[in-house]
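J.: Sharing a structure with you now.
Just so it is clear, none of the values below were taken in a lab; they were calculated from the coordinates. Given the structure is predicted, the values throughout are model-derived calculations rather than measurements.
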Amino acid sequence: MDFAGQRLADRASAIGVGLGAALAFGLGYAAGDYDAMLRVFFGSVVVTACVTVPPYAALYARSPVKWRKPRRERAGDGRRSKRRG
């Protein structure tokens, strides 16, 4: 999973849970049943988790990170060069 895939999964989970909460509240209010509201909400959380938690390669790894090649150290006095960070 790359950085863009993480952003997509985060947005999808926020939207999925938000829509599930709104749907659950609406159905629970209309039916007058608190238990039904909780079941619908937790069902939406499970569905959202099934969509966003597994690292689907085709969906979340579309733009992989290109890593730099490691630098070789110079053969010399044995001291390591200090990196600026």
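J.: How far, in degrees from 0 to 90, does helix 3-31 lean away from the longest principal axis of the Cα atoms of the chain, to the nearest 10?
T.: 10 degrees
J.: Using alpha-carbon pairs under 8 Å, 6+ residues apart, how would you state the relative contact order of region 3-60 in percent?
T.: Contact order relative to length: 47 percent.
J.: Here's something else I'd like to know. Report the equivalent ellipsoid semi-axes for region 3-60 in whole Å, largest first, defined as the square roots of five times the eigenvalues of the gyration tensor built from alpha carbon atoms.
T.: For region 3-60, the semi-axes come out at 28, 10, 6 Å.
J.: How far, in degrees from 0 to 90, does helix 34-52 lean away from the longest principal axis of the Cα atoms of the chain, to the nearest 10?
T.: Once rounded, one gets 30 degrees.
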